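Okay, structure first, notes after.
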Amino acid sequence: MLLKNRMRVGDYTTGDQDSGLPEDGYLKGYPPALVGSRDNSKKWIDVFVNFGVETARSFPYNATPVMQTDILGLDSFPITSMTPSWATPVALSRAIHLRNTNFYRGDIPNDLINSIKLDMTPKLCRYSGWKRNEYKYKCKMQDPLKHRQHEVYRLGFLD
């Protein structure tokens, strides 16, 4: 079954470093690195969003850090990596932001959803180190949090 309005979302992190991506994600050169477990999914993921989570900390955690469990659920530790399921709400918020910023606010037909997807990943990029069939010149690497491309910012709830 073809789900033409589906958008598959992945995550990447630049830690405390700036991703260097502009608002539209346009890049001619090396994109931010993906962790090894995401590198083989470049062809299948429609958009990668930056979280900036650091994999190691140079300072002690506070008394109540956000925790995650190990793969067997037998240990817990402060979060040091992201998961794709956490990236999806960020991409959805970006899609809603695009819809309310760039498009008429009436119904949401299939062609509008396709237009939003195209706006989220414009075809401008030339990624060094990626095979052309892994991205088809789409700017898959995005940093919507850096550029405040979310409804909470557009509506003035956050600065």
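The values are calculated or read from the model by the stated rules, or taken from the named source; none is laboratory data. Because the structure is a prediction, the values reported are computed rather than measured. When we count neighbours, we look across all protein chains shown, and the Cβ atoms used for this are built from the backbone with ideal geometry, even at glycine. With ligands, DNA and RNA removed, areas are computed over all heavy atoms of the protein, side chains included. Shrake-Rupley method; radii C 1.70, N 1.55, O 1.52, S 1.80 Å.
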The base-10 log of I(q)/I(0) that the Debye equation returns for the range 84-125 at q = 0.24, 0.27, 0.32 Å⁻¹, one scatterer per C-alpha, is -0.86, -0.99, -1.13
Of 85, 41, ordered by accessible area with the largest first and a 1.4 Å probe, the sequence is 85, 41
Out of 96, 133, 108 - ranked by how far each Cα lies towards the positive end of the dipole of the range 88-133, with unit charges on the beta-carbon of charged residues - the top one is 133
Put 7, 67 in order of accessible area, largest first, probe 1.4 Å, and you get 67, 7
For the chain, the per residue accessible area (1.4 Å probe, Å²) is 63
By accessible area (1.4 Å), largest first, 138, 42, 4 order as 4, 138, 42
Fraction of alpha-carbon pairs in the range 116-159 farther than 16 Å apart, rounded to whole percent, equals 49
Whole-percent tail of the Cα-Cα distance distribution for the chain, cut at 29 Å, equals 23
So the carbon and sulfur contribution to the accessible area of the chain, 1.4 Å probe, in percent, is 55
Computed on Cα atoms, Rg of the range 75-159 relative to 2.2 N^0.38 Å comes out at 1.31
As straight-line cross-link partners of residue 123, the qualifying aspartates and glutamates (C-alpha separation under 15 Å, not fewer than 8 residues apart within one chain) are 23, 24, 46, 134
